[in-house]
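*Asks:* What follows is a structure written as structure tokens; I'll ask about it next.
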Amino acid sequence: MTLTQPRQDSEYIAWALNVSLQCTDHSREWNIDADALATLQTLVDNAKAAYDANSNRETANHYTAVGKRESFRALRQFMSTFILALVSNLAIPNAELVAMGLPSREHHAHEPLPVPAEAPEVTTIVGQHHDITVYVMIPQLGHPSEYLKKKGYHGFVLRYRKEDETEWREVHSTSLHATLIFESEDEGRHLLLTAAWINPRIEHGPWSDELRVLIN
């Protein structure tokens, strides 16, 4: 199962809007989670408005550029998890997934990939705008590998919580990184995070050692 999202902003917003509309139209028969769908609709609307404002020469400026970048980052981050939920939702016909430009459930490999047996190496880059980007790597002969396909993993799941919280949150990604964005009031708080590889059936392997990171 592969997950290929449009790279160009104009194509991406059109694709995300179509996914949102299809899930809205079929929300009952597909058993779409109402809260997740509402979040998707809001993020798509925000990204579309920010894209339009920044595409207009009369309104485009530094602030519209920042607004577009942040709204698209939030939408892409949420989409990664939302799409995995759609693919694992058997109430949605496989043909409908493909029609929306989502991964097919039909596999042609002779043997399914097993549950990952090792934990990833995890590093972080702390931004200056309350954002933290988490990178995962494959340990290989003492050196991290940048190429996920060498091990055949589908992606990874990132589990995180603020140090004074008890509940973990999760983000799934099919690339080698994920960016978390926090509010200004979170500045100065510490974040605990750990990650694990996942296979195409969204089964995760062992968790990495926990990291403690300061939100700037």
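*Asks:* Note down all Cβ pairs under 6 Å where the first residue falls in the stretch 42-53 and is more than 15 Å from residue 19 (Cβ to Cβ), the second is of a type in the set (A, V, I, L, M, F, W, C) and at pLDDT below 95, and they're at least six residues apart or on different chains.
*Replies:* 51/13
*Asks:* Oh, and also: Inspect all residues belonging to the stretch 7-15 and state whether any of them is of a type in the set (S, T, N, Q), farther than 30 Å from residue 94 by Cα, open to solvent by 40 Å² or more (accessible area, probe 1.4 Å) and assigned to a helix (DSSP H, G or I). Write out each step before concluding.
*Replies:* Let us first name the residues in the stretch 7-15 that are of a type in the set (S, T, N, Q), namely 8, 10.
Filter once more, so that each one left must be farther than 30 Å from residue 94 by Cα: none.
No; the residues of the stretch 7-15 include none that is of a type in the set (S, T, N, Q), farther than 30 Å from residue 94 by Cα, open to solvent by 40 Å² or more (accessible area, probe 1.4 Å) and assigned to a helix (DSSP H, G or I).
*Asks:* Tell me, which residue of the stretch 62-92 that is over 21 Å from residue 172 (Cβ atoms) and of a type in the set (A, V, I, L, M) is nearest to the chain's Cα centre (by Cα)?
*Replies:* The qualifying residue nearest to the chain's Cα centre (by Cα) is 66.
*Asks:* Within the stretch 44-56, can one find any residue that is under 30 Å from residue 184 (Cβ atoms), open to solvent by less than 60 Å² (accessible area, probe 1.4 Å), assigned to a helix (DSSP H, G or I) and in contact with a Phe, Trp or Tyr (Cβ under 7 Å, 6 or more places away or on another chain)?
*Replies:* yes
*Asks:* With the structure loaded, tell me whether residue 30 is open to solvent by less than 80 Å² (accessible area, probe 1.4 Å), part of a loop (DSSP other than H, G, I, E, B) and touching a residue at least 24 places away in the same chain (Cβ under 8 Å) or whether it fails that test. Give the derivation first.
*Replies:* Numbers: open to solvent by less than 80 Å² (accessible area, probe 1.4 Å): yes; part of a loop (DSSP other than H, G, I, E, B): yes; touching a residue at least 24 places away in the same chain (Cβ under 8 Å): yes.
So residue 30 fits the description; yes.
*Asks:* Mind checking which residues of the stretch 158-215 are over 22 Å from residue 5 (Cα atoms) and of a type in the set (Gly, Ala, Ser)?
*Replies:* 184, 188, 195, 196, 205, 208
*Asks:* Right, here's the next one. Please go through the stretch 12-26 and pick out each residue that is among the hydroxyl-bearing types (Ser, Thr, Tyr) and more than 18 Å from the chain's Cα centre (by Cα). It would help to see each step written out before you state the result.
*Replies:* To start, the set of residues in the stretch 12-26 that are among the hydroxyl-bearing types (Ser, Thr, Tyr) comprises 12, 20, 24.
The one that is among the hydroxyl-bearing types (Ser, Thr, Tyr) and more than 18 Å from the chain's Cα centre (by Cα): 24.
*Asks:* Could you give me the residue pairs with C-beta distances under 7 Å whose first residue belongs to the stretch 102-114 and is among the acidic types (Asp, Glu), whose second residue is at pLDDT 75 or above wherever it lies, and which are 6+ apart or on separate chains?
*Replies:* Close Cβ pairs satisfying both conditions: 106/94.
*Asks:* Further question on the same structure: With 148, 141 as the choices, which residue is at pLDDT below 70, loosely packed, with under 12 Cβ neighbours inside 10 Å and either among the aromatic types (Phe, Trp, Tyr) or more than 19 Å from residue 88 (Cβ to Cβ) (or both)?
*Replies:* Working: 148 fails: loosely packed, with under 12 Cβ neighbours inside 10 Å.
Testing whether each residue is at pLDDT below 70, loosely packed, with under 12 Cβ neighbours inside 10 Å and either among the aromatic types (Phe, Trp, Tyr) or more than 19 Å from residue 88 (Cβ to Cβ) (or both) leaves just 141.
*Asks:* Looking at (1) at pLDDT 85 or above; (2) among the β-branched types (Val, Ile, Thr); (3) over 26 Å from residue 72 (Cα atoms), can you tell me which one residue 115 breaks?
*Replies:* (1)
The values are calculated or read from the model by the stated rules, or taken from the named source; none is laboratory data. Note that the structure is predicted; figures quoted are calculated from it, not measured. Please note: Cβ atoms are built from the backbone with ideal geometry, for glycine as well, and neighbour counts cover all protein chains shown. The area values use the complete protein model at the heavy-atom level, side chains included, leaving out ligands, DNA and RNA. Shrake-Rupley method; radii C 1.70, N 1.55, O 1.52, S 1.80 Å.
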